[in-house]
1. Mind counting the residues in region 469-512 that are within 20 Å of Gly181 (Cα to Cα) and not in a helix (DSSP H, G or I)?
2. Among the residues of region 418-468, write down those that are more than 20 Å from the chain's Cα centre (by Cα) and in a loop (DSSP other than H, G, I, E, B).
3. For region 254-275, which residues satisfy the criterion of being surrounded by fewer than 17 Cβ atoms within 10 Å (Cβ to Cβ), farther than 20 Å from Lys511 by Cα and in contact (Cβ under 8 Å) with a residue 12 or more places away in the chain?
4. Within region 51-69, does at least one residue satisfy the condition of being more than 29 Å from Asn164 (Cα to Cα), surrounded by fewer than 17 Cβ atoms within 10 Å (Cβ to Cβ) and modelled with pLDDT under 80?
5. Exactly one of (1) within 21 Å of Asp384 (Cα to Cα); (2) touching a residue at least 40 places away in the same chain (Cβ under 8 Å); (3) of a type outside the set (A, V, I, L, M, F, W, C) is unmet by Gly333. Its number?
6. Count, please, the residues in region 94-111 that happen to be part of a strand (DSSP E or B) and either more than 26 Å from the chain's Cα centre (by Cα) or of a type in the set (Asp, Glu) (or both).
7. Going by the conditions given, is Asp70 under 20 Å from Thr438 (Cβ atoms) and either without any contact (Cβ under 8 Å) to a residue 12 or more places away in the chain or part of a loop (DSSP other than H, G, I, E, B) (or both)?
8. Taking Glu476, is it assigned by TED's automatic domain parsing to the domain that holds His341, more than 17 Å from the chain's Cα centre (by Cα) and farther than 24 Å from Asn310 by Cβ?
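The values are calculated or read from the model by the stated rules, or taken from the named source; none is laboratory data. Keep in mind it's a predicted model, so treat the numbers as computed, not measured. Neighbour counts run over all protein chains shown; Cβ positions are idealised from the backbone, glycine included.
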Amino acid sequence: MGGNGNMKRIDQLQQLAQNSKISRRHFMSQATAMGITAAAASTMWSRTVKAAPKRGGKMRFGSGHGSTTDTLDPATYANGGIIHQGYGMRNHLSEVDNDGTLVPELAEGWEASDDATEWVFKLRKGVEFHNGKTMDATDVIDSLNHHRGKESKSAAKPLLAPINELKADGKDKVVFKLAGGSADFPYTVSDYHLAIMPSMGDGKVDWRSGIGTGAYIKDKFEPGVRSTFKRNPNYFKSGRGHFDEVEFLTIGDVVARTNALSTGEIDAMNRCDLKTVHLLKRRKGVRVEEVTGTLHYTIPMHTDVAPFDNNDVRLALKYSLDREVLLKTILRGHGVIGNDHPISTANRYHNSELPQRKYDLDKAKFHLKKAGLTALTVDLSAADAAFVGAVDAAVLYKEQAAKAGININVVREPNDGYWSNVWLKKPWCMVYWGGRPTEDMMFSQSLAQGADWNESHFSNKRFNELLVQARAELDEAKRRGMYEEMQVIVNRDGGTVVPLFANYVFAMSDKIQHDAKMAGNWDMDGDKAIERWWFG
């Protein structure tokens, strides 16, 4: 206990030093009082102060995500590239910080009724949009209603469906009245789609300009190619938004992205090639980092399209995939195998008792026979836009499934436009999901009946009943039981193969600095690298 307590006190001491809240003398005296030698304390001080955020410089970011079909409307965000840019321009009522904790952002705080059916959010005062307008309750209400209309195609629409009434209580308070209790509602409004934009005064918001309250002001926006931003001099968050300028480049080819970092053309990149990352680690001036989170790869089948409308066909395909081989060859061990549902071990209610599905050709053949088939031929669309190694994974799947009498025809799709032309449109394809901080958010967006991003067109009455019940359940044990049952249902009846949960592996110039801990809810420090990082 004493050791853990000391570690916590040391962390707190370093945080104070990093924020220039204490002198070197005070740091040294406190550290030595905890049993740290003077020499070690001096080194610790030097490293801590050196890591203190500094303002300035132009950050050039190379992203493996991005599409020419991207827009500045957060309702349309569908890949990590535009999400990252969106976080730079705009803020939300709440955010998951780099410690994985939910904290207020544009909200100052919130309170709930005893049954969690009413939530009151108190807004920060004096926060300005990039155009000088002061943010108030109208901006918040119109921004959220942007996703709630009948014509809205926003993936956040099902998250906001429980809202019966949304109203202002003065300029600095917003009241949410829900159809049923929602213990996780403050997490809901942290969703990256739900950015707060300036109201146009007619119930609509200005999304086209990119104006927000964020750390960076949009300069140029060329979707899927290049975007540039300048630092917001009036940013309300202290200790964030350190770069003077940011250039965001879409570099879809991982070799080109890696070369750009190695030659100093960019300062950071995501989605390292795991086949060659060991070589990148040897590069002088480059640092490779890795974070475990909720990122997972999916292979969704449209359950209302033959032959995927037969659950025995779906089970045959699930049993004909060797996840262990994919973990070794595609992820090179940088992750864990999945179990055909989207809830990771990092989630609160992960079902650790659910038996792990394994590669089993006998079971694959059994379910194929049960479906009335002796052989099966299906198309599988793939592109590395889905994730690095997606095409290779599809080819491996083809080889493995062939042993069960299943012929998978791998259709190689273009990277550009993959998210608008293939995902949600082709009946079977390769996909990645960043995951969500709560089970309710993950299930509501990806598996709830009628959700725009229900990629497998999954429809299960019991699942949908539990989704509503679990959202409102305040008893911890009962809630856990519901979410665990939902994972069983998706595992056995769902239309999505979930082979892998992958670590985020990214690289940067050794001149880039960041906080001691980085977020794992999204890639690149929660997709907030341009807000949180700095040049050392």
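1. 3
2. Once the filter is applied, which keeps residues that are more than 20 Å from the chain's Cα centre (by Cα) and in a loop (DSSP other than H, G, I, E, B), region 418-468 yields Val422, Lys425, Lys426, Pro427, Gln449, Gly450, His457, Phe458, Ser459, Asn460.
3. Val255, Lys275
4. Scanning region 51-69, I find at least one residue that is more than 29 Å from Asn164 (Cα to Cα), surrounded by fewer than 17 Cβ atoms within 10 Å (Cβ to Cβ) and modelled with pLDDT under 80, so the answer is yes.
5. Single failed check for Gly333: (2).
6. Residues flagged as part of a strand (DSSP E or B) and either more than 26 Å from the chain's Cα centre (by Cα) or of a type in the set (Asp, Glu) (or both) within region 94-111 amount to 3.
7. Answer is no for this residue.
8. yes
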